[in-house]
Amino acid sequence: MAKRRFGPYTVETSNEDKVLFPDDGITKGDLLDYYLAVADTMLPHLADRPLTMQRFPDGIGEAGFYQKEMPEYFPDWLDRARVKTADGPQWQVVCNNAATLAYLAQQACLTPHVWLSRKDRLDRPDRLVIDLDPPGDDFSPVQEAALAARRLFEELDLPAFVMTTGSRGAHVVVPLDRSRGFDAVRRFARMFAATLARRHERELTVEQRKAKRGGRVYLDTGNNAYGQTTVAPYAVRPLSGAPVATPVAWSEFARAGVDARHWTLAMLPRRLARHGDPWKGMARRARSLAAAEKRLDEAC
């Protein structure tokens, strides 16, 4: 048992030499060190958001599980949010400091998934997400789809940011001013995706059934709903190589050789030291959807 101190908080860690990624020899201690190395950059993207923990106590070679409700044994100093669910109200973890990141890593939470809203106004999202799901392993259709989405968002005078997911695809994200609830944001996202798919009907689709996608990139808007989550920026994914969900500049995203798993746990601290966070200041560019809805109606 070891202790890591964070101002008034102490996190007791154990089994730091336990291997969580058997193909790579990455241990729980390595995971802890990674999250602490990126904490200053990652925490603003987690702040005040309830999260779902994706945990792998026995490493990624064994089945993991998702955990929404905060266990009773978690320490009292962890921040939390009380949320309504189909099973009744429950407490969920909120990660507002490096001590919490360390504690989650100690619990073998490899991947935090966060809400699109904050705990003070859970019904008002401050981000809209278009999830680009490719039909195969080739990432170039995802790059083309994301750039097409950016162009349409620009037509609507909405700023768009992009992130490789660390798994298969990419997320295109628009910061919102929280003037609309989830239902209105989801309607807009669906209308946006349908318009984009009509413009690029050979490459893009909103068809949920895989058998009917015809080799096209799927524009998934399902995460734009109350209680849904998306992978947190800079979160490690439970895959060989420990790829990371990585925000990138548009110019870098468009380069040849980039793919969803391009950046890894081993690379990210150096990358951030060199390039910083492409999503820094995103909240200052938050927009209302009011004018964009009118422009989108005209575009349809």
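Once every Cα of the chain carries one equal point scatterer and solvent is ignored, give the base-10 log of I(q)/I(0) from the Debye formula at q = 0.09, 0.10 Å⁻¹, two decimals.
Computed log10 I(q)/I(0) values: -0.44, -0.55.
Just to check I understand the Karplus step: with θ = phi - 60° and J = 6.51 cos²θ - 1.76 cosθ + 1.60, what whole-Hz values come out for region 42-59, glycine and proline as x?
Working through the residues one at a time gives 6, 4, x, 8, 9, 3, 6, 9, x, 9, 9, 8, 9, 10, 9, x, 9, x Hz.
Could you tell me which residue out of Gly136, Ser167, His113 lies farthest along the dipole of region 111-169 toward its positive end? Charges go on the beta carbon: Lys and Arg +1, Asp and Glu -1, centred on the Cα centre.
Positive-end residue among those listed: His113.
Name the most mobile residue of Tyr226, Tyr66, Tyr34, meaning the one with the largest mean-square fluctuation, in a Gaussian network model of the chain with Cα contacts below 10 Å.
For the chain, modelled as a Gaussian network with Cα springs under 10 Å, the answer is Tyr66.
Mind checking the full-extension length gain between Ser140 and Ala86? Use 0.36 nm per residue of separation minus the Cα-Cα distance, one decimal, nm.
15.6 nm
Using the basic label-point model (7 angstrom from Cα toward the beta carbon), what is the Arg199 to Lys280 distance in nanometres?
3.1 nm
Looking at the calculated P(r) for region 150-300, what percent of the C-alpha pair distances fall above 29 Å?
Pairs farther apart than 29 Å: 20 percent.
Please report, in debye to the nearest 20, how large the charge dipole of region 85-176 is about its Cα centre when each Lys and Arg carries +1 at its beta carbon and each Asp and Glu carries -1 there.
Magnitude of the dipole: close to 380 debye.
Mind ranking Glu72, Glu62, Glu298 by accessible surface for me, highest first, 1.4 Å probe?
Largest accessible area first, the list is Glu72, Glu298, Glu62.
How much area per residue is accessible in the chain when the probe is 1.4 Å and only protein heavy atoms are counted (Å²)?
Using a 1.4 Å probe on heavy atoms only, each residue of the chain averages 46 Å².
Quick one: order Trp115, Trp91 from most to least accessible surface, probe 1.4 Å.
Of Trp115, Trp91, the descending order of accessible area is Trp91, Trp115.
State, to one decimal in nm, how far the label point of Lys18 lies from the label point of Glu62, with both points 7 Å from Cα in the Cβ direction.
0.8 nm
Any idea what the alpha-carbon Rg over 2.2 N^0.38 Å comes to for region 12-118?
In units of the 2.2 N^0.38 Å rule of thumb, it is 1.06.
On the full set of protein chains, 1.4 Å probe, figure out the accessible area of His45 and give it in Å² to the nearest 10.
Here the accessible area works out near 10 Å².
Test of understanding: what is the full-extension gain from Asp76 to Ser179, defined as 0.36 nm times their sequence separation minus their Cα-Cα distance?
Roughly 33.8 nm would be gained on extension.
When the accessible area of the chain is split by element with a 1.4 Å probe, what percent falls to carbon and sulfur?
44 percent
Quick one: which of Lys3/Lys280; Lys119/Lys280; Lys210/Lys280 span more than 25 angstrom between C-alpha atoms?
The pairs that break the limit, which is 25 Å between Cα atoms, are Lys3/Lys280; Lys210/Lys280.
The values are calculated or read from the model by the stated rules, or taken from the named source; none is laboratory data. Since this is a predicted model, take the numbers as computed values, not measurements. Cβ sites come from the backbone with ideal geometry, for glycine too, and all protein chains shown count toward neighbours. When the accessible area is computed, the model is the full protein with side chains, heavy atoms only, and any ligands, DNA or RNA have been set aside. Shrake-Rupley method; radii C 1.70, N 1.55, O 1.52, S 1.80 Å.
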